[in-house]
1. Can you find a residue that is among the charged types (D, E, K, R), more than 8 Å from chain A (Cβ to nearest Cβ) and more than 23 Å from A:Ala204 (Cα to Cα) anywhere in segment B:88-109?
2. Could you go through segment A:159-172 and let me know if any residue there is aliphatic (A, V, I, L, M), surrounded by fewer than 19 Cβ atoms within 10 Å (Cβ to Cβ) and either within 13 Å of chain B (Cβ to nearest Cβ) or in contact (Cβ under 8 Å) with a residue 40 or more places away in the chain (or both).
3. Among the residues of segment A:226-263, which ones are at pLDDT 85 or above, assigned to a helix (DSSP H, G or I) and among the β-branched types (Val, Ile, Thr)?
4. Working carefully through the options A:Arg257, A:Arg206, A:Arg211, A:Arg200, find the one that is buried (at least 19 other Cβ atoms within 10 Å of the Cβ) and out of contact with any helix residue (DSSP H, G or I) (no Cβ under 6 Å at 6 or more places or on another chain).
5. Taking A:Leu223 as the residue in question, decide whether it is within 14 Å of another protein chain (Cβ to nearest Cβ), in contact (Cβ under 8 Å) with a residue 40 or more places away in the chain, surrounded by fewer than 23 Cβ atoms within 10 Å (Cβ to Cβ) and part of a helix (DSSP H, G or I).
6. Considering only helices (runs of 4 or more DSSP H) fully contained in segment A:122-212, which possess at least 3 residues that are under 30 Å from B:Ala97 (Cβ atoms) and in the same structural domain as A:Ala232 (by TED's automatic domain parsing)?
7. Please identify the pairs in which a residue from segment A:270-295 that is aromatic (Phe, Trp, Tyr) has its Cβ atom under 9 Å from the Cβ atom of a residue that is loosely packed, with under 14 Cβ neighbours inside 10 Å, counting only partners at least 6 apart or on another chain.
8. Find the residue count for segment B:75-112, including only residues that are part of a helix (DSSP H, G or I) and under 18 Å from B:Leu201 (Cβ atoms).
Amino acid sequence: MSEHALRLPTSSNFAREIARAAKLVAAGLARLGWSLFSIGFFAGLWELAWAFGWTNPHLLPPPHIFLGHILEQAKYFSPALRWSVGVAPDEQPSPLMAVLSTVAATSARVLAGLVLATILSIALGIGIRRYRFVDRLTLPTVLFLAPVSPIAWLPVSIFLFGIGNPPAIFMVFIALFFTMTLATIAQIDGVDESLIDVGRTMGATRGQIYRRIIIPAIAPGLLVVIRMNMFAAWMVVLLAEATGVGSGLGQVIMLARNTFNPSLVFFTITLIGLLGFASDWALRQVQRRLIYWAPQQSGGAP
Amino acid sequence: MKSTAMPAFSSKDAVVCRSVGKTWAAGTPQAYEALRDIDLDIRPGEFVVLLGPSGCGKSTLLYLIAGLKPMTDGEVWSFGGRVETPSPERCLIFQQAALFPWLTVWENVSFGLSIRGASAADRREAARKALQRVGLAQVMNKRPDELSGGMRQRVAVARALAMRPKVLLMDEPFAALDVQTRAKMQSFLQDVWLDSGASVLFVTHHIDEAIALADRVVVFTARPGRIKAIVPIDSPRPRDPFDPESEAMRRRLTDLLSTEVDAAFAEQEAL
């Protein structure tokens, strides 16, 4: 009990806490400033190239043009406008709602595919290392299918699930599953052997060694694997939506391609960039809470 | 080949090695003979230092005695029982402390008790006692990455002590520490050893460390490791590293080692 008493905040502790919080806020603001500057710097180069007439503004419209047409472009996000012949213009959702519902549909597919792939690949990876039978039964097939490109899975997903959400989610899942399984195995193989030896010396069973030592030991590495694969999920979902689904950012990109609308392409790319950035931030918050013991690392991102 | 006579030793001996040999990756082209024909008896409460050139297999011997790796030849006995699996009675302490970074210090120390299903209150109490013995009761609730290298190694010792081991196997436990911390840790270890009554097998390639700590120094040859000489040190503790007895011992051990270091060096150059 005495160690709890030591932790009661005294006034000098309180002042120190405030100073520490202020430092954290300042550091956060500085990181945000650099993020904006980084994007602004490269956007600025693009604008300069436009101002000097080095690029064709019809093919490569700079940010002030494609962002200037947001409202005009946003209407293309409405699936009703594109798909239903008999729908009157006033029955369309507002442009903002159209963009939001498209973004939500794509994000939900990414999330569903990523969660499925994460749970099943970690389970299989642990199973392969834990049980020789699982290893012999599944690992050769995993290695066999791991190099297959998502493009090749696209027709398979349509054969299996038709059109709609399931094939898009399946595409995200299948694109991540095999590599994430192999990454889980690599993480398990990388666990410091002396940690396992400690468990064996203490009389831990194999199950206890997995539950109490290996799983916590690989957790930090697995979260990095999940973050990296989340970017892959964003890439694959567009591919899946471009062909198999009636909504989503992939459909918008296809529409922009077919109607030769570069502004719409760049606007959608901007949206994807923002979504990727936001989801990476969210995963890092999860990482910080779950891996409470690891020193705080940004993994290169702010 | 090896004699298969019944092992002649008392069941009270802490560790008995009979014709122990180890070849890593035996039967493959990468086969690597690390140890050959090790015969060694260690009494209860004895402090034995294994001294030899790098790569001579002294650490391998600790892993075999701990039961963490299978031996290729011979057998190891401990207090009358044949060593075949690891046991908390023979705790190995690693060069790096090998603490679990996701657990607090006290949870690390009581890890073995939690495997046995002890209650949280019992575990906490046992951890506190073990940490008091290494002088670290005040850091119970910290995490390993908040501690210095020397403190982490003391926590590792406390984790072993909490299992009431009869044999402590230490694999260059202070090699990663700076010289000042190392000296402190040596005197700390002597206190712990006297207090616990356990036998200690301590691997090092530092002659001074052997002189400061050992009842007996076991000098190994270059690979494959065999026992070249067993040198008792009778002078009382704490030992002054600069008195004539220590100087003479340093000279003797240096001479014993130098030919082996040369041999190890020649082999490495030939690779």
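The values are calculated or read from the model by the stated rules, or taken from the named source; none is laboratory data. Just so it is clear, the structure is predicted and the values come from calculations on it, not from any experiment. We place every Cβ from the backbone using ideal geometry, glycine too, and count neighbours over all the protein chains shown.
1. no
2. Yes, some residue in segment A:159-172 is aliphatic (A, V, I, L, M), surrounded by fewer than 19 Cβ atoms within 10 Å (Cβ to Cβ) and either within 13 Å of chain B (Cβ to nearest Cβ) or in contact (Cβ under 8 Å) with a residue 40 or more places away in the chain (or both).
3. A:Ile226, A:Val236, A:Val237, A:Val252, A:Ile253
4. A:Arg200
5. In short, yes.
6. Qualifying helices (runs of 4 or more DSSP H): A:165-189, A:193-201.
7. Close Cβ pairs (under 9 Å, with a partner that is loosely packed, with under 14 Cβ neighbours inside 10 Å) amount to A:Phe277/A:Ser35; A:Phe277/A:Ala301; A:Trp281/A:Ala301; A:Trp293/B:Asp145.
8. Residues meeting the conditions: 0.
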